[in-house]
Amino acid sequence: MPLFSPNKHVVFDVVGTCVSYQAFFDGVTSTLGSQLLAEGIKPTLFAFAWMESAEREFAYLSISERYVTFSEVFKALFYRILYMSGIENPREFANDEQRDKILATFSQLAPREGIKEAFELLREAGFTIWCFTTADIKRVQGYFAKSGIEMPEKNFTSCDTKGVAKPALAAYESVLAKLGNDEVKWFAAAHMWDVSAAKRVG
């Protein structure tokens with residue numbers, strides 16, 4: 001089946017939309033779960049707080065024109081979020097080895113059920129599929145490759161490419177420019193703020 005069509009396009013957000021966070025949540029539970037539960041902190045809630053705080057800091061740094069990659073921001077917030085969760089001495093509670101073990105789970109994220117079939121159906125209908133992510137392109141490519149989902153390297157774009165984080169409109173404009181003058185252009189994401197910003201630029 002063709003991987004490129006000059007007429008119809010759909011741009012997917014990747015992590016959280018095409019790919020599940022479950023491996024990350026499982027990594028927090030297996031690495032720190034018993035310690036967190038002993039302090040009355042649910043591992044999944046800690047994981048969510050860490051991830052959401054990193055998303056905010058990542059976006060705010062970009063807004064202030066001090067762009068830092070998401071992975072750097074995420075790593076830096078580990079001990080702060082432990083402290084804000086009620087751990088008085090986070091560096092005594094956990095260590096860099098545990099943090100890095102959890103961070104490594106981001107390379108183990110897996111595509112959601114049905115994504116491969118959805119991509120195949122879209123291509124059969126004449127769409128070119130693109131991926132736009134806040135993550136490192138090589139890591140994101142790995143999610144698809146290890147699951148047997150074909151995605152050409154040229155069809156990936158990261159916020160790192162332009163140094164502008166979503167949902168800044170400039171981030172989406174750089175992706176939109178790749179699609180040329182074709183009229184059929186869709187953006188697909190699990191997050192309404194993501195879709196809303198993409199819609200504003202066309």
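Key figures for this structure:
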quantity: Close pairs from the range 115-134: first in contact (Cβ under 8 Å) with a residue 40 or more places away in the chain and outside the structural domain of E55 (by TED's automatic domain parsing), partner among the acidic types (D, E) and part of a helix (DSSP H, G or I), Cβ under 7 Å, at least 6 apart; calculated: none
quantity: Unmet requirement for T69, which otherwise passes all of (1) at pLDDT below 95; (2) of a type in the set (V, I, T); (3) closer than 18 Å to A189 by Cα; calculated: (3)
quantity: Boolean, A189 is surrounded by 15 or more Cβ atoms within 10 Å (Cβ to Cβ) and touching a strand residue (DSSP E or B) at 6+ places or on another chain (Cβ under 6 Å); calculated: yes
quantity: Residue in the range 29-52 that is closer than 20 Å to S196 by Cα and surrounded by fewer than 18 Cβ atoms within 10 Å (Cβ to Cβ) present; calculated: yes
quantity: Scope the range 62-109; condition of a type in the set (A, V, I, L, M) and either more than 17 Å from the chain's Cα centre (by Cα) or surrounded by fewer than 14 Cβ atoms within 10 Å (Cβ to Cβ) (or both); matching residues; calculated: I63, A76, I81, L82, M84, I87, A94, A104
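The values are calculated or read from the model by the stated rules, or taken from the named source; none is laboratory data. None of these values were measured; they are calculated from a predicted model. Reconstructed Cβ throughout: ideal geometry from the backbone, glycine too, with neighbour counts over all protein chains shown.
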